[in-house]
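Here is the structure we will look at, set down as structure tokens.
Just so it is clear, none of the values below were taken in a lab; they were calculated from the coordinates. This structure is a prediction, so every number in the text was calculated from the model and none was measured. Neighbour counts run over all protein chains shown; Cβ positions are idealised from the backbone, glycine included.
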């Protein structure tokens with residue numbers, strides 16, 4: 001899906017629900033208003049860029065790298081926020097984002113090939129699904145963990 005989607009959604013969540021377990025971590029910056037705004041603007045820019053027919057496919061090295069890094073960042077931050085190891089979350093988040101990149105890419109191509117819908121319309125549907133699912137997920141997330149006591 002979008003490389004800025006998951007980081008934007010998590011940043012928005014952490015802005016509203018600070019995670020004490022992130023207090024001593026650089027990952028705490030995800031809950032800062034300026035970063036939440038910057039990620040939101042990046043998501044809008046990415047949305048506009050994706051509508052350009054000349055845009056590189058999401059599976060190209062740059063797009064795949066950004067999506068994988070975004071997934072790893074979100075996985076690390078959420079894992080740490082709920083009291084788990086950041087490394088495990090980063091690995092799962094990065095692998096999940098890379099797999100989803102290829103899965104959604106091929107699904108979008110298949111839908112476009114089997115219907116008369118233009119790629120931009122299919123992409124818009126994908127965006128609606130991303131942000132809607134993200135909004136529902138944010139409402140269902142468990143509370144973050146308290147800060148670890150050493």
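Sum -39500 (n - 2.57) across every DSSP H segment of at least 4 residues in the chain, then divide by the residue count to get the 222 nm mean residue ellipticity, nearest 500.
Taking each H run of at least 4 residues, the total per residue is -23500 deg cm²/dmol.
How big is Rg to Rh over the chain, alpha-carbon atoms, Rh as the Kirkwood inverse-mean-distance radius? Write down the numbers at each step before the final one.
Values: Rg = 16.2 Å, Rh = 16.1 Å.
Rounded to two decimals, Rg over Rh is 1.01.
Report, in degrees rounded to the nearest 10, the 0 to 90 angle that the Cα long axis of helix 119-140 makes with the longest principal axis of the chain.
20 degrees
Using the Kirkwood radius built from alpha carbon pairs, what does the Stokes-Einstein equation give as D for the range 78-150 at 25 °C and 0.890 mPa s, in µm² per second?
On the way: Rh = 14.9 Å.
Approximately 165 µm²/s, per Stokes-Einstein.
Can you give me the angle between helix 61-81 and the longest principal axis of the chain, using Cα atoms only, in degrees from 0 to 90, rounded to the nearest 10?
For 61-81 against the chain, the angle is about 30 degrees.
Once both axes come from the Cα atoms, what is the angle between helix 86-114 and the longest principal axis of the chain, in degrees from 0 to 90, rounded to 10?
20 degrees
Give the order of 48, 109, 80 when sorted by the count of other beta carbons within 10 angstrom, beginning with the fewest. Show your work: numbers first, answer last.
Details: 48 10, 109 13, 80 24.
So the ranking, lowest neighbour count to highest, is 48, 109, 80.
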